[in-house]
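Undergrad: Starting off with a structure, shown below.
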Amino acid sequence: MQVSPQHTRVGWIGCGVMGRSMCGHLLSRGYQVTVNSRTPEKAQSLLDHGATWAVSPAAVAEVSDVVFAIVGFPSDVRDVFLGPHGVLSTMRPGGVIVDMTTSQPSLAVELYEIAKNQGIRCLDAPVSGGDVGARNATLSIMIGGDEEVAQQLQPCWEALGSKFVYQGPAGSGQHTKMVNQILIATNMIGLCEALLYAYRAGLDLPTGLESVSSGAAGSWSLSNLGPRIVANNFDPGFFVEHFIKDMGIALAEAERMNLSLPGLALAKQLYQSVQAKGYGRNGTHALHLALAEMSGIDWQTR
């Protein structure tokens, strides 16, 4: 399969915080793109730049050689690909489907097997890097499925991210994303607690962040989300409710593998309190608001 703007018709499903930017990069590379999104208004900027609207995932697949999807929850993945108006209801043999949603490894394997029986290749390729990585095409892409197919899509990976690594057979991309989310979960607790400590100690927060971000404590979350917390900007780069979904998947997989992950379990409980306070559609760094409240700090009016 030769993948290029001249030879490959691309389908894209999901135009949310990350999907819209990601699809835009393929458009800018010259690919003919057909899009579908649950909320049509979110696709308007893509249509303005030359994308074509389709009324359903099935309609996307009818006119595409490769279909990418990045949606919210495993139930959305199942509906988009396996539903009565899903991609696999119309995708022709020889096509490729790529699920970039963070979803269940078991569902990735199920999709792979169903697609294979229809003569369709399937990859699971979740990403890390949030809205910043999506906008700047610096995402890290974790790929599961057949290695040959992953290699054929290299021109697309190059348009979407700065790192793309083949992880292994179907489901391996999703397992790798669970590793990513486990790392982030407890790191976010540390970031928020550290900023609360700095505030209560009377430090200048931007100056403090400057000092620690380049040392051993440095992290993507510290450099990218720390300044947003200081500025009271809790807009989503990645939704709290989606992160809770991811931690639930990771904990279920851990239980299946007879693993005890108490740090992850604590992080999920804390994030559930964030959602209960009405911050489910805020960014993951809204954890800070819940932790601040525990210490009697009204962060947003400090």
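Undergrad: Look at VAL212 and say whether it is in contact with a Gly (Cβ under 8 Å, 6 or more places away or on another chain), surrounded by 14 or more Cβ atoms within 10 Å (Cβ to Cβ), free of Cβ contacts under 8 Å to residues at least 24 places away in the same chain and among the β-branched types (Val, Ile, Thr). I'd like the intermediate steps shown before the answer.
TA: Values: in contact with a Gly (Cβ under 8 Å, 6 or more places away or on another chain): yes; surrounded by 14 or more Cβ atoms within 10 Å (Cβ to Cβ): yes; free of Cβ contacts under 8 Å to residues at least 24 places away in the same chain: yes; among the β-branched types (Val, Ile, Thr): yes.
Against the criterion (in contact with a Gly (Cβ under 8 Å, 6 or more places away or on another chain), surrounded by 14 or more Cβ atoms within 10 Å (Cβ to Cβ), free of Cβ contacts under 8 Å to residues at least 24 places away in the same chain and among the β-branched types (Val, Ile, Thr)), VAL212 qualifies.
Undergrad: In the list LYS277, LYS268, which residue meets the criterion of being part of a helix (DSSP H, G or I) and either closer than 13 Å to ALA185 by Cα or out of contact with any helix residue (DSSP H, G or I) (no Cβ under 7 Å at 6 or more places or on another chain) (or both)?
TA: LYS268
Undergrad: Going residue by residue through segment 203-217, is there one that turns out to be under 19 Å from GLY133 (Cα atoms) and in contact with a helix residue (DSSP H, G or I) (Cβ under 8 Å, 6 or more places away or on another chain)? Please lay out each step first, then the result.
TA: Filtering segment 203-217 for residues under 19 Å from GLY133 (Cα atoms) gives 213.
Those still in the list that are in contact with a helix residue (DSSP H, G or I) (Cβ under 8 Å, 6 or more places away or on another chain) too: 213.
Yes, segment 203-217 has at least one match.
Undergrad: Given the criterion farther than 30 Å from GLY171 by Cβ and of a type in the set (Gly, Ala, Ser), identify the matching residue among SER211, SER260, SER221. Break it down stepwise before answering.
TA: Values: SER260 fails: farther than 30 Å from GLY171 by Cβ; SER221 fails: farther than 30 Å from GLY171 by Cβ.
Just one listed residue meets the conditions, SER211.
Undergrad: Just give me the residues in segment 254-265 being in a helix (DSSP H, G or I) and over 14 Å from ILE182 (Cβ atoms), in sequence order.
TA: The initial filter retains those residues of segment 254-265 that are in a helix (DSSP H, G or I), namely 254-256, 262-265.
Selection gives ARG256 alone.
Undergrad: Also, quick follow-up: Scan segment 269-286 and give yes if some residue there is among the hydroxyl-bearing types (Ser, Thr, Tyr) and over 20 Å from the mean Cα position of the chain (by Cα), otherwise no.
TA: Yes, the conditions are met somewhere in segment 269-286.
Undergrad: Which strands (runs of 3 or more DSSP E) does segment 57-131 wholly contain that include 1 or more residues that are touching a residue at least 40 places away in the same chain (Cβ under 8 Å) and either surrounded by fewer than 17 Cβ atoms within 10 Å (Cβ to Cβ) or of a type in the set (Phe, Trp, Tyr) (or both)?
TA: The qualifying strands (runs of 3 or more DSSP E) are 66-69.
Undergrad: Okay, next question. Could you count how many residues in segment 38-54 are on the phi < 0 side of the Ramachandran plot, assigned to a loop (DSSP other than H, G, I, E, B) and not polar (S, T, N, Q)? Full working, then the answer.
TA: We begin by selecting, within segment 38-54, every residue on the phi < 0 side of the Ramachandran plot; these are 38-49, 51-54.
Filter once more, keeping what is assigned to a loop (DSSP other than H, G, I, E, B): 38-39, 49, 51, 54.
Subset that is not polar (S, T, N, Q): 38, 49, 51, 54.
Number satisfying all stated conditions: 4.
Here, each number is a calculation from the coordinates, and none is a lab measurement. These figures come from a predicted structure and were not determined experimentally. With ideal geometry, Cβ positions are generated from the backbone for all residues, glycine too; neighbour counts draw on all protein chains shown.
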